[in-house]
Amino acid sequence: MKTILSAFLIAATAALTAAAANAAEFELRVGHNGGIDHPYQKGFEAFKKIAEEKSGGRIEVQIFPSAQLGAEDKVNNMVRNGLVAAQATSAAAGLAPFVPDIDALNYPFLFKSMDHYYKVMDGDVGKDLAKEVEDKLDVKLLGWGFSGTRSVWNGKHPVTTPDDLKDLKLRIINSEVMINAFKGFGTEVTPMAFGEIYNALQQKVIDGAETDNVDLQVEKFYEVTKYVSLTNHLYLGAAYVFSKKVFDKLPPDLQQVVLEAGTEATKVERQAMAEQALSARKFLEEHGLVYNEVDHAKFEAGVADLYANISSPTVADMVKRIQAQ
């Protein structure tokens, strides 16, 4: 009996020793507010694969989708303080509270296409904004992603001109610029966290919101809305940000692994967004959503005063630089 017990203890000790030897030196918690099918998730899955493989198991990445760690701005605070390693975050609700100049990206109808957006963000404007994000949020910006081409949708009636917005209660992304734009159209703006939209639609707290087709699909908003108006008013910027406090604790070789994994994560997210944006509309139309073209000239005229009264000289200059590209 003693022999069997001794053998058991030896085997158990060996198993624990092996487990300890194989345990990762660094556990990185990363998060985002999209669902498990969102391009943000695909980007972080690429990040996890590369970071764990290239580190030889010294890094373990845990992904928390669907705002499990909290709202974007709160998680960015956690990233800044080193409590969370990284987040995929928008240039509006996520970064604007920390980097006011990034609101330059949130002016409606500023970008004309996804290619225009990438040209800007991969150029000098993107580099200047990246430095501001890194300095003010105390992070390493791993890469600029894309959070979709946003349009208005609701369950009451089609929207083809700004006048059609006047009887609607809409959830607008938490950007002062965007909120002011829709208030200028006469919309009743109802701020709320992204994760609260579905229930608010079910309970008739709001009539609709503005997102891209990917969000309409993966967050299942198509179940509780009807009319999509192709305003294409915002090409929403996004970024993968990594805590500087966490980064500085890594040895140089693992810092390089994180940077390489971040670059790849951005590429994967961009590609996934492009592919899903194309397939999402087909899916949404098959599930009963009705798409409407809009009078873009009237919408753009409706935000002319917004552009004419930009209070920040640095934001005004950045807007002009973007318009010139």
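The values are calculated or read from the model by the stated rules, or taken from the named source; none is laboratory data. Given the structure is predicted, the values throughout are model-derived calculations rather than measurements. Every residue, glycine among them, receives a Cβ derived from its backbone with ideal geometry; neighbour counts consider all protein chains shown. Note: areas computed on protein heavy atoms with side chains; ligands, DNA, RNA excluded. Shrake-Rupley method; radii C 1.70, N 1.55, O 1.52, S 1.80 Å.
I'd like to verify a number: residues in the range 282-324 that are open to solvent by 80 Å² or more (accessible area, probe 1.4 Å), touching a residue at least 60 places away in the same chain (Cβ under 8 Å) and more than 16 Å from residue 177 (Cβ to Cβ), how many?
3
Cβ-Cβ distance below 8 Å, separation of 6 or more or different chains: which pairs start in the range 92-103 with a residue that is assigned to a helix (DSSP H, G or I) and end on one that is of a type in the set (S, T, N, Q) and buried (at least 21 other Cβ atoms within 10 Å of the Cβ)?
Partner pairs satisfying both residue conditions: 103/175.
If you scan the range 144-177, which residues turn out to be within 16 Å of residue 189 (Cβ to Cβ), touching a helix residue (DSSP H, G or I) at 6+ places or on another chain (Cβ under 8 Å) and not in a loop (DSSP other than H, G, I, E, B)?
152, 153, 162, 165, 170, 171, 176, 177
Considering each residue of the range 101-119, count those that are open to solvent by 10 Å² or more (accessible area, probe 1.4 Å), closer than 18 Å to residue 172 by Cβ and either at pLDDT below 95 or in contact with a Ser or Thr (Cβ under 8 Å, 6 or more places away or on another chain) (or both), and give that number.
Selection size over the range 101-119: 1.
For the range 108-141, name all the residues that are under 30 Å from residue 81 (Cβ atoms) and either in a strand (DSSP E or B) or among the acidic types (Asp, Glu) (or both).
122, 128, 132, 134, 135, 138, 139, 140, 141
Could you give me the residue pairs with C-beta distances under 7 Å whose first residue belongs to the range 63-74 and is at negative phi, whose second residue is part of a loop (DSSP other than H, G, I, E, B) and open to solvent by 50 Å² or more (accessible area, probe 1.4 Å) wherever it lies, and which are 6+ apart or on separate chains?
65/36; 73/97
For the range 136-180, how many residues are under 28 Å from residue 271 (Cα atoms), open to solvent by 40 Å² or more (accessible area, probe 1.4 Å) and at pLDDT below 95?
1
Might you check whether a residue that is β-branched (Val, Ile, Thr), without any contact (Cβ under 8 Å) to a residue 60 or more places away in the chain and in a helix (DSSP H, G or I) occurs anywhere in the range 193-206?
yes
Would you check if residue 257 is over 21 Å from the mean Cα position of the chain (by Cα) and either crowded, with 19+ Cβ neighbours inside 10 Å or closer than 22 Å to residue 91 by Cα (or both)?
Yes: the conditions hold for residue 257.
Exactly one of (1) open to solvent by less than 50 Å² (accessible area, probe 1.4 Å); (2) under 24 Å from residue 308 (Cα atoms) is unmet by residue 128. Its number?
The failed condition is (1).
Could you list, in sequence order, the residues of the range 271-297 that are touching a strand residue (DSSP E or B) at 6+ places or on another chain (Cβ under 6 Å) and over 21 Å from residue 156 (Cα atoms)?
273
Can you name the condition, by its number, that residue 65 falls short on among (1) modelled with pLDDT of 95 or more; (2) open to solvent by 40 Å² or more (accessible area, probe 1.4 Å); (3) within 16 Å of residue 218 (Cβ to Cβ)?
Checking residue 65 against (1) modelled with pLDDT of 95 or more; (2) open to solvent by 40 Å² or more (accessible area, probe 1.4 Å); (3) within 16 Å of residue 218 (Cβ to Cβ), the one that fails is (2).
For (1) crowded, with 18+ Cβ neighbours inside 10 Å; (2) under 14 Å from the mean Cα position of the chain (by Cα); (3) in contact (Cβ under 8 Å) with a residue 12 or more places away in the chain, each residue gets a yes or a no:
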position: 214; (1), (2), (3): yes, yes, yes
position: 222; (1), (2), (3): yes, no, yes
position: 229; (1), (2), (3): yes, no, yes
position: 232; (1), (2), (3): yes, no, yes
position: 237; (1), (2), (3): yes, yes, yes
position: 240; (1), (2), (3): yes, yes, yes
position: 245; (1), (2), (3): no, no, yes
position: 249; (1), (2), (3): no, no, yes
position: 252; (1), (2), (3): no, no, no
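Can you confirm whether residue 189 is within 18 Å of the chain's Cα centre (by Cα) and either closer than 25 Å to residue 247 by Cα or open to solvent by 10 Å² or more (accessible area, probe 1.4 Å) (or both)?
Criteria not met by residue 189.
What about residue 144, is it under 17 Å from the mean Cα position of the chain (by Cα) and aromatic (Phe, Trp, Tyr)?
Considered against the rule, which asks whether it is under 17 Å from the mean Cα position of the chain (by Cα) and aromatic (Phe, Trp, Tyr), residue 144 comes out as yes.
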